[in-house]
1. Any idea which of (1) of a type in the set (Gly, Ala, Ser); (2) more than 16 Å from residue 40 (Cβ to Cβ); (3) surrounded by 18 or more Cβ atoms within 10 Å (Cβ to Cβ) is the one residue 93 doesn't satisfy?
2. Among the candidates 42, 82, 86, which residue alone is in a helix (DSSP H, G or I) and either at pLDDT 90 or above or open to solvent by less than 70 Å² (accessible area, probe 1.4 Å) (or both)?
3. Out of the range 119-157, which residues are open to solvent by less than 30 Å² (accessible area, probe 1.4 Å), β-branched (Val, Ile, Thr) and either closer than 19 Å to residue 19 by Cβ or at pLDDT below 90 (or both)?
4. Any residue at all in the range 45-66 that is within 20 Å of residue 140 (Cβ to Cβ) and at pLDDT 90 or above?
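The values are calculated or read from the model by the stated rules, or taken from the named source; none is laboratory data. Bear in mind the structure is a predicted one, so any value in this text is a computation, not a measurement. Cβ coordinates were reconstructed from backbone atoms using ideal geometry, including for glycine residues, and neighbour counts include every protein chain displayed. Ligands, DNA and RNA are stripped out before the accessible areas are found, and what is left, the full protein with its side chains, is counted by its heavy atoms. Shrake-Rupley method; radii C 1.70, N 1.55, O 1.52, S 1.80 Å.
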Amino acid sequence: RTPALKDLPDRYVAVRFYFRPSFPDTPENRRFAAQVIHSLSEEVPVVLLNTGLRLDDHEDVDVPARNVYRVDDLMRLEQNLEIQTEIISRAQAFVGTYGGLAYLGPFYGVPSISFYSTEEELVPAHLDVAWRLGRAMGVPVTSLHTKMAGLLRGMLSAHVEAGLS
């Protein structure tokens, strides 16, 4: 483990939401990312993979929350990908914007769930690659439209409530 990462918890979920054409900077997407981060952090520590660097057109979503660890102070141009890779490789899961980082977790046996809100900006062949990668590595990989999260939450809540009655 990189000495700079020694203060991270042993178990956590790695999270990175950032804006891109498939997840544009809208009030709805800002709220969505905040809700996901807050919900996750109620159950498990979250390590936010924001870089604080402006390397491309991807602006990070910054969401302060309890039980959220930040590492942006460790990010340097020459090592930010190395740090993000190490954090994801040790995570229980990766959650965030559909994009390159969503493909990284499966190589380390880490489940990955990513979100998009503008389907027209996706390349179907890329989604197929992600699905095949997960299958080949034996780890769950999925990308969902943000609208599916509410549906899933409702279905799971109904299932849990039915099991409790």
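1. (2)
2. Testing whether each residue is in a helix (DSSP H, G or I) and either at pLDDT 90 or above or open to solvent by less than 70 Å² (accessible area, probe 1.4 Å) (or both) leaves just 86.
3. Result: 146, single match.
4. Among the residues of the range 45-66, at least one is within 20 Å of residue 140 (Cβ to Cβ) and at pLDDT 90 or above, which makes the answer yes.
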